[in-house]
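Working notes, beginning with the structure itself.
Nothing in this text is a laboratory measurement; each read-out follows from the coordinates by a stated rule. Every value quoted in this text rests on a predicted model; they were computed, and no experiment measured them. So basically every Cβ, Gly included, is an ideal-geometry build from the backbone, and we count neighbours across all protein chains shown.
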Amino acid sequence: MADAPFAADPNCVFCQIVARQAPAHIVYEDAEALAFLDLFPFTRGHVLVVPRHHVPRLTDLPEDEHAGYLRALANVCRRVERLTSDYNIALNQGAKAGQVVFHLHFHIIPRYGEGNPFHTRPRDRLSSEDARELVATLSAA
């Protein structure tokens, strides 16, 4: 991994997850990225893929890290295909676009034939039991 242009942000929950200072249900990691289950998933198996160092936006990620991050994203997509072959990949950039945590992250949202999961509605918290099952399914190489 190249030297990070931004230091880890101690107030960023995703930086805390990468540093193992905050809990997460990790399903994938390599030298460039970490992937974990969303705690309030749109659908079962909703995963977030983050770079290991703090960058707020895709345009802040150094070009020499694009390939490694995209490789990690593709690897996690292949794991999500164990659940379903249909999924959305989403990136929200900026508050007006729906970005809540300002640490670059892609959402991989499995689709099972339900209606639009993106409508504004309360989302249930991921249960511990479902998290264990999903980590077992998605983290195996």
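Annotations for the structure displayed:
- Centre separation in Å (Cα based) which lies between segment 102-141 and segment 37-70: 14 Å
- For q = 0.14 Å⁻¹, Debye-computed log10 I/I(0) when each Cα of segment 30-117 counts as one equal scatterer: -0.48
- Once the chain from SER127 to GLN93 is taken as fully extended at 0.36 nm per residue, the excess over their C-alpha distance is 9.4 nm.
- Cα-only radius of gyration and Dmax that characterise segment 10-52, units Å: 10.1, 29
- A run of the chain free of exposed loop cleavage sites, with GluC sites (Glu not before Pro) counted only in DSSP states other than H, G, I, E and B and at most 14 other beta carbons within 10 Å, reaches its longest extent at 1-80.
- Computed extension gain for ASP30 through ARG82, at 0.36 nm per residue and net of the alpha carbon distance, reaches 16.8 nm.
- Compared with the alpha-carbon gap, the fully stretched path from ARG44 to LEU70 is longer by 7.1 nm at 0.36 nm per residue.
- Distance between the 7 Å Cα→Cβ label points at ASN116 and ASN11: 3.4 nm.
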